[in-house]
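**Student:** I'd like to ask some things about the structure below.
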Amino acid sequence: MFVRVFGQKQTPKGGKCFPPFGVFTTFLYFYAQNPYRYYHMTLWLFIYLFFFVALQVVTGSGMDLRWMAFPLNGMVAVGLLALLFVATREWDRSRWMRSLRSPRMACRLLVLLTLAGVVGGLLPSGVSFSTSWPFVALLAALIVHLTLVLLHRLRRFSLKRDGAFLLVHGGLWLALVAGFVGAPDKARLRILASRDGEQSAAMDEQGRMVSLPYAMQLLQFHIECSEADGSPVQYRASVAINGSPVELSVNHPHTLGFGEDLYLMNFDPRASEAGGEAAWCVLLYERQPWQHLLLAGLLMLLAGVGWMLVRVK
Amino acid sequence: MMITWNLFQPFALASLACWLCGALLALRPAGGSRRISLGLMGLGFLLYATFVAGLWMALQRPPLRTMGETRLWYSLFMMLSGLLVYLRWRYRWMPLFAWVVAAVFIIINLVRPELHDQSLMPALQSGWFVPHVTVYIFSYSLFGCAALLAVAGLVRRTSSYLASTDRLVTIGMAFLTFGMLSGCIWAKQAWGDYWSWDPKETWAAATWCAYLVYIHRRLRKGESLSLGLTYGWLLIGFLLLQMCWYGADLLPWASAGMHSYN
């Protein structure tokens, strides 16, 4: 029953090797048996990823995003998109292009992404797998695949037939591109706002100090407690930003400017004591210029999924 | 007369009774009992909604701030979603299934009344909290059904369940995606980022991808694909959603994630 239901399956060799190498060897074993069947693209995908695994092992760390800051990230993205557009115009009907945008290719990428999620979920918290080279490479491959899928479908489409498809794949594409391409432009800084004096120096995640064009000072801090059990239900801070007071609380951030938001992160523990006053609070300054595109992508995805739901017979 | 938590027991048990009778009647294939079934379930909703509305008026605020209060909404939304799926796609077992889950949350509230007033921490004080969680739980119930059908399909070595699993996965993915995206939008409001790859989010992404593998496998109709793997991915997805739901919290390094409220 095992063989019949699960198809051709034989015990792979190479189990003791370094895991990616073991998987690669296993794959070569299957390929050697059937070189002219449909393993080509899978093999290319494995080679592509194996290169990045090797890069990760050799460099010992993931991709350094700093050198891709705007405008370079935008330029590279537009350049790649133009390349894929031209490729679609010229070679849409070729075997390679058809293979790259096939549901089969989608399955390959999704299987690898699932595996990546499992690996990422099992890793201890200190390890950052989301910026590791293999994962970045996998996401890039997914974005290229989605671009080709969309470009092909857009050549001739009818809203009624393709609307849900375009919303779902286009929304996901937009969210991924905005997140991926916009990652180098993200900044997450912490400011210690205290009662005495204004502060415009912020610290990034690597401990470097950055000067912001906003001078912040804590005016008031208040903990709202529940009448029933006295536990805190909301933390509110009144903060002066360049002189004007602003209200901040959990789940209610303040928008400073385009793509810039301010969050209440932490506070002086003395505020929790009876009659105590908070002398300081920690604010989170989040800059994400591409966030609106990301949100648009998420909303498109949502709309598309809703459309598909309504369409289910 | 003021409606307080003291009145929860009579209201909840009456609603559960109406819902159960309605759900059991819905199992019958004949047409006549359907109207009685819908009438009974509607009566259950009326009773339950009366309690919720009364509590809202008595508290003078939406009852969304404590653990007991959120469980109130879980039960209501579970039953409502189950009924809507039944009305739309005629899965006769759906109302009973939803009833079981709704009953679990009502029973927790009945058995642990001391949790009623336990306030939700500030991070959970958001209008997104209930929709995000209820929609996820509902999608889990659909994927659970799909997993049962997958086991049946594997044991009986038949592809006849695929039509049903296709529908369940499409509906389930709609809800799962809504749950995930509502989580993203809430996360931006609460933590500053749409996605931060914390353990729960990572497992959620893995679950999402697993069901997408199933969907895209089913789209490859021309190719001869192994039935075992097609059903297999439904089981993989179900395992991953369990990891996302509670498995991630059991890992030794769980407390480092954003979703752990310590």
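**Student:** If you count, for every residue in B:179-186, the Cβ atoms of partner chains within 10 Å of its Cβ, what is the mean? Before the final figure, lay out each step's value.
**Tutor:** On the way: counts 0, 3, 9, 2, 0, 6, 4, 1.
Across the residues of B:179-186, the mean count of other-chain Cβ atoms within 10 Å is 3.
**Student:** Calculated from DSSP H runs of 4 or more alone, at -39500 (n - 2.57) each and per residue, what is the 222 nm mean residue ellipticity of chain A, nearest 500?
**Tutor:** Numbers: 9 runs with 153 residues, N = 313.
That comes out to -16500 deg cm²/dmol.
**Student:** At 1.306 mPa s and 10 °C, plugging the Kirkwood radius over alpha-carbon pairs of the protein assembly as shown into Stokes-Einstein gives what diffusion coefficient in µm²/s? It would help to have the intermediate numbers written out before the result.
**Tutor:** Working: Rh = 26.6 Å.
The estimated diffusion coefficient comes to 60 µm²/s.
**Student:** Rounded, prolate or oblate: which fits the range B:135-262, taking a ≥ b ≥ c as square roots of the Cα gyration tensor eigenvalues, rounded meaning a/c under 1.5, else prolate when a/b beats b/c? Present the calculation step by step, with values, prior to reporting the outcome.
**Tutor:** Working: a/c = 2.50, a/b = 2.00, b/c = 1.25.
Because a/c hits 1.5 or more and a/b exceeds b/c, the range B:135-262 counts as prolate.
**Student:** Moving on to the next point. Might you report the magnitude of the Cβ-based charge dipole of the protein assembly as shown about its Cα centre, with Lys and Arg at +1 and Asp and Glu at -1, to the nearest 20 debye? Each step should come with its number before you reach the end.
**Tutor:** Numbers: 47 positive and 28 negative charges, 786 e Å.
Roughly 3780 debye, rounded to the nearest 20.
**Student:** Roughly how many debye, to the nearest 20, is the charge dipole of chain A about its Cα centre, given +1 on each Lys and Arg Cβ, -1 on each Asp and Glu Cβ, and no other charges?
**Tutor:** Numbers: 28 positive and 19 negative charges, 577 e Å.
For this selection, approximately 2780 debye.
**Student:** Rounded to the nearest 500 deg cm²/dmol, what is the calculated helix-only ellipticity per residue at 222 nm for chain B, with -39500 (n - 2.57) per DSSP H run of length n ≥ 4? Don't skip to the answer; put the middle values down first.
**Tutor:** Details: 8 runs with 183 residues, N = 262.
It lands at -24500 deg cm²/dmol.
**Student:** Quick one: compute the contact order of the range A:54-192, relative version, from alpha carbon pairs under 8 angstrom and 6+ residues apart, as a percent. Intermediate values should be presented prior to the final figure.
**Tutor:** Working: 71 pairs, mean separation 56.8, N = 139.
So the answer I get is 41 percent.
**Student:** Something else about it: Using alpha-carbon pairs under 8 Å, 6+ residues apart, how would you state the relative contact order of chain A in percent? Mind dumping the intermediate values first?
**Tutor:** Working: 402 pairs, mean separation 49.0, N = 313.
Across chain A, relative contact order equals 16 percent.
**Student:** Which order results if A:M216, A:M63, A:M265 are arranged by neighbouring Cβ count within 10 Å, fewest first?
**Tutor:** Values: A:M216 23, A:M63 20, A:M265 17.
Ascending number of Cβ neighbours within 10 Å: A:M265, A:M63, A:M216.
**Student:** Let me ask you something else. Let me confirm one metric for peptide A:260-271, namely the mean number of other chain beta-carbon atoms within 10 Å of its residues' beta-carbons. Intermediate results must be reported in sequence, preceding the final value.
**Tutor:** Working: counts 0, 3, 1, 5, 1, 2, 0, 0, 0, 0, 0, 0.
Average per residue, whole number: 1.
**Student:** Let me ask you something else. Counting only other residues whose beta carbon sits under 12 Å from that of B:S159, what net charge do I get with K and R as +1, D and E as -1?
**Tutor:** Values: positive: B:R156, B:R157, B:R218, B:K221; negative: B:D166.
My count for the surroundings of B:S159 gives +3.
**Student:** Ranking request for peptides B:102-112, B:194-204, B:222-232, B:154-164: highest mean number of other beta-carbon atoms within 10 Å first, then the rest in descending order.
**Tutor:** On the way: B:102-112: 17.8, B:194-204: 22.3, B:222-232: 15.7, B:154-164: 13.8.
Averaged packing, sorted descending, gives the order B:194-204, B:102-112, B:222-232, B:154-164.
**Student:** Here's another thing I want to ask about it. Over the range A:207-269, what is the mean sequence separation of C-alpha contacts under 8 Å (at least six apart), divided by residue count, expressed as relative contact order in percent? Intermediate values should be presented prior to the final figure.
**Tutor:** Numbers: 90 pairs, mean separation 14.3, N = 63.
Relative contact order here is 23 percent.
**Student:** Please report B:V133, B:V85 as a ranked list, fewest other C-beta atoms within 10 angstrom at the top and most at the bottom.
**Tutor:** Details: B:V133 18, B:V85 22.
If I rank by nearby Cβ atoms, fewest first, I get B:V133, B:V85.
**Student:** Additional query: Roughly how crowded by other chains is peptide A:249-256, in terms of the mean Cβ count from those chains within 10 Å of each of its Cβ atoms?
**Tutor:** Values: counts 2, 8, 12, 4, 5, 0, 0, 0.
The shielding value for this peptide is 4.
**Student:** Check every DSSP H run in chain A and write down those whose alpha carbon atoms cover 27 angstrom or more along the long axis and whose mean Kyte-Doolittle hydropathy is -1.0 or greater. Mind showing how you got there, number by number?
**Tutor:** Values: long enough: A:40-59 (29 Å, 1.85); A:72-91 (28 Å, 1.39); A:103-122 (28 Å, 1.55); A:133-155 (33 Å, 1.61); A:159-182 (32 Å, 1.18); A:291-311 (30 Å, 1.57).
Span-like helices, by this rule, are A:40-59, A:72-91, A:103-122, A:133-155, A:159-182, A:291-311.
**Student:** Of B:G247, B:A187, B:L38, which is farthest on the positive side of the dipole of chain B, counting Cα position, with +1 on Lys and Arg Cβ, -1 on Asp and Glu Cβ, and the Cα centre as origin?
**Tutor:** Projecting each Cα onto the dipole axis, the largest value belongs to B:L38.
**Student:** Peptides B:134-141, A:120-127: what's the order by average Cβ count within 10 Å, highest mean first? Display every interim value, and only then the final one.
**Tutor:** Working: B:134-141: 22.4, A:120-127: 14.6.
Per-residue mean Cβ counts within 10 Å order the peptides as B:134-141, A:120-127.
**Student:** Among A:V233, B:P122, B:S224, pick out the residue whose Cα is farthest towards the positive end of the charge dipole of the protein assembly as shown, where Lys and Arg carry +1 and Asp and Glu carry -1 on C-beta, about the Cα centre.
**Tutor:** The one lying farthest along the dipole's positive direction is B:S224.
**Student:** Report, in order of residue number, the helices in chain B meeting two criteria: a C-alpha extent of 20 Å or more along the helix axis, and a mean Kyte-Doolittle hydropathy of at least 1.6; treat each whole DSSP H run as one helix. All intermediate terms of the calculation are to be shown ahead of the outcome.
**Tutor:** On the way: long enough: B:8-26 (26 Å, 1.65); B:32-59 (42 Å, 1.24); B:67-89 (33 Å, 0.67); B:94-111 (25 Å, 2.49); B:129-156 (41 Å, 1.56); B:162-191 (40 Å, 0.85); B:199-219 (30 Å, -0.05); B:227-242 (23 Å, 1.64).
Taking the DSSP H segments of chain B (at least 20 Å long, mean hydropathy at least 1.6), we get B:8-26, B:94-111, B:227-242.
**Student:** Give me the distance between the Cα centres of the range A:259-286 and the range B:164-184, rounded to whole Å.
**Tutor:** 37
**Student:** What is the packing order of peptides A:154-164, B:118-128, taking the mean over residues of other C-beta atoms within 10 Å and listing the highest first?
**Tutor:** Result, highest mean Cβ count within 10 Å first: B:118-128, A:154-164.
**Student:** What is the local net charge at B:L241, summed over the other residues whose Cβ is closer than 15 Å to its Cβ (Lys, Arg +1; Asp, Glu -1)? Kindly include the intermediate steps, with their values, before the conclusion.
**Tutor:** Numbers: positive: B:K200; negative: B:E201, B:D249.
After counting each charged neighbour, the total is -1.
**Student:** Taking the Cα centre of chain B as the origin, how large is its charge dipole in debye, to the nearest 20, when only Lys and Arg (+1) and Asp and Glu (-1) carry charge on their Cβ atoms?
**Tutor:** Numbers: 19 positive and 9 negative charges, 225 e Å.
For this selection, approximately 1080 debye.
Here, each number is a calculation from the coordinates, and none is a lab measurement. Since the structure is predicted, the reported quantities are computational estimates derived from the model, not experimental observations. We place every Cβ from the backbone using ideal geometry, glycine too, and count neighbours over all the protein chains shown.
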